[in-house]
């Protein structure tokens, strides 16, 4: 594990800062949720995302993603527009964990009233440079948003249930929540096999501390008054077979889901 961390973070992570802790992964006996324990404390989390992760490399990855990423964002926003009636300018969206801001900018370009929340100072400043409204703290509880969008965030959070509960307290009744996390199907079985490698998308030391399946993600939402809903189909002319496969996976297999709050 030490060799993996040293290589993955290119020597930026001082191993002594981990205090000699063991790497442990647990699965809940009741729901099957997989999670890491122990995890970094608040100072460690700040160092991870501000120092140990190469921010410049992360930004280049977004900037070099090409048209495919923007098309995916545009497709999600098109679905959002079909699920939220009324003019986009009257629909208030919070992107929680906005990163460098490219999803929010795409939604803003489509006319939505978008705010973004992000812990990383460097990412906040970059998003502001894109002309986005960036929040450094959430507003007090109340019906501030019609939709909360959060992609590739909840696998990183020390307290995902408490965070989601806090977000729902700022959502209008009947509002939407979109959660996208790495797919943890098969991870529990893989962890039990000899020769497991730590370089897995859904379980990654220090970073991906929560590992969701469709079942555990749905269960998390249900405990907080979120009802999973199916989005309208999005079929792309000229790629019908690929569209059908994506629709099937999104509706029945994957861990990117839409929820409606106390409709």
Q: Tell me which residues, restricted to the range 107-133, are surrounded by fewer than 19 Cβ atoms within 10 Å (Cβ to Cβ) and not in a loop (DSSP other than H, G, I, E, B).
A: 109, 113, 121, 122, 125, 128, 129, 133
(Q) Tell me yes or no: at least one residue of the range 242-255 is within 30 Å of residue 9 (Cα to Cα) and within 18 Å of the chain's Cα centre (by Cα). (A) yes
**Q.** Complete set of residues in the range 149-174 that are in a loop (DSSP other than H, G, I, E, B) and in contact (Cβ under 8 Å) with a residue 60 or more places away in the chain
**A.** 158, 170
Q.
Go through the range 231-246 and report how many residues are at pLDDT 80 or above and either assigned to a helix (DSSP H, G or I) or surrounded by 12 or more Cβ atoms within 10 Å (Cβ to Cβ) (or both).
A. 4
Q. When the range 192-207 is examined, which residues are found to be in contact (Cβ under 8 Å) with a residue 60 or more places away in the chain, out of contact with any strand residue (DSSP E or B) (no Cβ under 6 Å at 6 or more places or on another chain) and surrounded by 12 or more Cβ atoms within 10 Å (Cβ to Cβ)?
A. 198, 205, 206, 207
Q) If you scan the range 22-48, which residues turn out to be surrounded by 10 or more Cβ atoms within 10 Å (Cβ to Cβ), in a loop (DSSP other than H, G, I, E, B) and out of contact with any strand residue (DSSP E or B) (no Cβ under 9 Å at 6 or more places or on another chain)? A) 31, 32, 38, 39, 40, 41
Q.
Please count how many residues of the range 134-150 are closer than 22 Å to residue 40 by Cβ and either touching a helix residue (DSSP H, G or I) at 6+ places or on another chain (Cβ under 6 Å) or surrounded by 19 or more Cβ atoms within 10 Å (Cβ to Cβ) (or both).
A. 1
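The values are calculated or read from the model by the stated rules, or taken from the named source; none is laboratory data. Remember, it's a predicted structure, so these values are computed and weren't measured experimentally. So basically every Cβ, Gly included, is an ideal-geometry build from the backbone, and we count neighbours across all protein chains shown.
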